[in-house]
Amino acid sequence: MSKPFKTYDDLILFLQDEKGLIIHDPTHAKHILSKTSYFSLISGYKDFFKHPTTGKYKDGTTFEDIYALYKFDNDLRCIFLKYMLIAEHSVKSSLAYHFTALYGEDQQEYLSFSRYMVTKSNQRDVQRLISILSYHITHKSDYSHITHYKKYHKNVPLWIMIQILTLGQLSHMFDFLKASAPIQVCRDYHNISRKDMHSFLSVMTKHRNACAHGDRFFNYLTKDCITDTAIHDKLHIPRVNGRFQNGKSDIFSEVIILKYLLDKEDFQDFYYELNHCIKKKCPDPRLLSLMGFPQNWTSIIRLRPLP
């Protein structure tokens, strides 16, 4: 059964009288609800401030406390998304370069099953990927650069086509291609293994989607996880039953991913923006633990990704 509609005034009274939330300025609170929505703000961030048993807010919790966490999370999403896009573009460029160096610029090369490791388990997925690539060539495209190459060159090389792939599609292409090009890509990123890159792209896809869709991010956990890295060891992240307790499926794992996939200058920019956001806007230091950040996380700026 769906919940009955409540006006903003009804919601303010409900939060005050039934949930015990302190609202100093109801007019301002109504304005905030109107631009964020009750679901995005209250339903999205209330758990951090509630008693797990009574369901009411902890003593002294204010509407402003919840809004501060909402704003902090929004700033986190913006920072992470900005640098994930840079990393995504970098990996796309690397894969297109090495593939073309090996096989040439003819579009038929990346449309051919012969370039992929096709098995019984992935045959349908490979076919789906090739169908997506082929569709952009055979149908009218919304992308001007695709249209230009089709019209004037009768060929769309991979370095053009790869720009329109989603991060998930890029991850699939990396996984399905025969080893030569992916191995060269891995060498561009501190000579990580193909398994490492697979895990990085898989987890980054989930994080990127969460950021793009405006999902709650600070305590977001992916179902899969990244591989163990030298950064985990160098940060002395504790293990339980052999498993690292931070930096595997939380958002600190994305910090580690970006350490490997961004160049030194871009990672420095990311680190300083992130550190400034945490220092100036994090409403409660306990949030860092929920984010998966170890206490010594700032030392990552000085660490080398290699063992």
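The values are calculated or read from the model by the stated rules, or taken from the named source; none is laboratory data. Since this is a predicted model, take the numbers as computed values, not measurements. With ideal geometry, Cβ positions are generated from the backbone for all residues, glycine too; neighbour counts draw on all protein chains shown. Accessible surface is based on the protein model in full, side chains and every heavy atom, while ligands, DNA and RNA are left aside. Shrake-Rupley method; radii C 1.70, N 1.55, O 1.52, S 1.80 Å.
Things to note:
- So residue 207, is it open to solvent by 50 Å² or more (accessible area, probe 1.4 Å), under 30 Å from residue 179 (Cβ atoms), at pLDDT 95 or above and touching an Asp or Glu at 6+ places or on another chain (Cβ under 7 Å): no
- For region 43-65, filtered to residues that are among the small types (Gly, Ala, Ser) and closer than 22 Å to residue 28 by Cα, the residue that is surrounded by the fewest Cβ atoms within 10 Å (Cβ to Cβ) is 60.
- Residue in region 66-73 that is open to solvent by 80 Å² or more (accessible area, probe 1.4 Å), within 19 Å of residue 205 (Cα to Cα) and part of a helix (DSSP H, G or I) present: no
- Scanning region 203-232 for residues that are among the polar types (S, T, N, Q) and assigned to a loop (DSSP other than H, G, I, E, B) turns up 219, 222, 227, 229.
- Residue within region 239-252 that is open to solvent by less than 50 Å² (accessible area, probe 1.4 Å) and in a helix (DSSP H, G or I) present: yes
- Considering only residues in region 290-307 that are surrounded by fewer than 15 Cβ atoms within 10 Å (Cβ to Cβ) and not aliphatic (A, V, I, L, M), the one that is farthest from residue 47 (Cα to Cα) turns out to be 307.
- Pairs, first under 22 Å from residue 62 (Cβ atoms) in region 262-290, second open to solvent by less than 20 Å² (accessible area, probe 1.4 Å) and assigned to a helix (DSSP H, G or I), C-beta under 7 Å, six or more apart: 277/76; 277/79; 281/72; 282/72; 283/69; 283/72
- Residue check for residue 191: surrounded by fewer than 21 Cβ atoms within 10 Å (Cβ to Cβ), under 21 Å from residue 290 (Cα atoms) and of a type in the set (S, T, N, Q): no
- Those helices (runs of 4 or more DSSP H) of region 81-196 in which at least 1 residues are more than 26 Å from residue 304 (Cβ to Cβ) and modelled with pLDDT under 95, considering only elements entirely within it, cover 123-138, 144-152.
- Residue within region 30-47 that is out of contact with any Lys or Arg (no Cβ under 9 Å at 6 or more places or on another chain), of a type in the set (Asp, Glu), without any contact (Cβ under 8 Å) to a residue 24 or more places away in the chain and closer than 27 Å to residue 292 by Cβ present: yes
- A residue that is open to solvent by less than 40 Å² (accessible area, probe 1.4 Å) and either of a type in the set (Ser, Thr, Tyr) or within 17 Å of residue 200 (Cα to Cα) (or both) occurs nowhere in region 282-289.
- Residue list for region 1-32, filter: open to solvent by less than 60 Å² (accessible area, probe 1.4 Å) and assigned to a loop (DSSP other than H, G, I, E, B): 7, 19, 20, 21, 23
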